[in-house]
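Written below as structure tokens is the structure these notes are about.
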Amino acid sequence: MNLAHPAAFSAFRELLSHGAIMGNRTPLCDGLTLHADPALQLGGEWRSPSGRVLELALRPRAAGAWLGLHLALDLPDLAGLRFLGLAARAVAPDEVLIRACLRSGLPEGGFRDHFMPRHWLAHDEAATHHDLIHLPSQNALPVQAPWRELVLFLPCRPLDLHLHDLAILSA
């Protein structure tokens, strides 16, 4: 089952694109957007080199409260699923602590976040991270939602992160 936005990662690898990061919202491709607290005054660059999903060089100019890479998911209904998770491979010259979150839109507006149980540490050697949510045990997670996305929350500091691979898993 392809849970990610159709154009997001598979096509993104072939784009060989790059661009500047400026402000609080930077669309990287259809279904993949970097969102930042406006207080961060975020700058930097992004690239999608051959064989990798994404390279980020983020340079905030002020303090802020949040920074996240948002991937739209085609997952309005969780009924019948037992597990939802991610598998990823990344490297960062300086350690980067990432929190993965399933964000579910609510019918009345707003959203609810459900964080994956494990923190993800990207460091100076490429490493694989995986994490799963056991859906039947999560009473606060809406089974139906008008929209969902995976949010990778990043630290609000200067950082470089190379995301080699990312897969959304379900069973």
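In table form, for the structure just shown:
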read-out: Spans of strands (runs of 3 or more DSSP E) in region 70-144 with at least 2 residues surrounded by 14 or more Cβ atoms within 10 Å (Cβ to Cβ) and among the aliphatic types (A, V, I, L, M); value: 83-91, 96-105, 127-134
read-out: Checklist (1) surrounded by 13 or more Cβ atoms within 10 Å (Cβ to Cβ); (2) over 26 Å from PRO60 (Cα atoms); (3) at pLDDT 95 or above applied to SER170, failing item; value: (3)
read-out: Set LEU54, LEU84: member being at pLDDT 95 or above and within 15 Å of the chain's Cα centre (by Cα); value: LEU84
read-out: Criterion: modelled with pLDDT of 95 or more and over 17 Å from the mean Cα position of the chain (by Cα) - qualifying residue of PRO38, PRO76; value: PRO38
read-out: Failed criterion for PRO60 (all others in (1) within 15 Å of the chain's Cα centre (by Cα); (2) modelled with pLDDT of 95 or more; (3) buried (at least 20 other Cβ atoms within 10 Å of the Cβ) hold); value: (1)
read-out: First in region 142-163 and of a type in the set (D, E, K, R) and modelled with pLDDT under 95, second anywhere and crowded, with 21+ Cβ neighbours inside 10 Å and part of a loop (DSSP other than H, G, I, E, B), Cβ under 7 Å, 6 or more apart; value: none
read-out: Condition broken by ALA4, with the remaining ones in (1) closer than 20 Å to LEU73 by Cα; (2) out of contact with any Pro (no Cβ under 8 Å at 6 or more places or on another chain); (3) modelled with pLDDT of 85 or more satisfied; value: (3)
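The values are calculated or read from the model by the stated rules, or taken from the named source; none is laboratory data. Note that the structure is predicted; figures quoted are calculated from it, not measured. We place every Cβ from the backbone using ideal geometry, glycine too, and count neighbours over all the protein chains shown.
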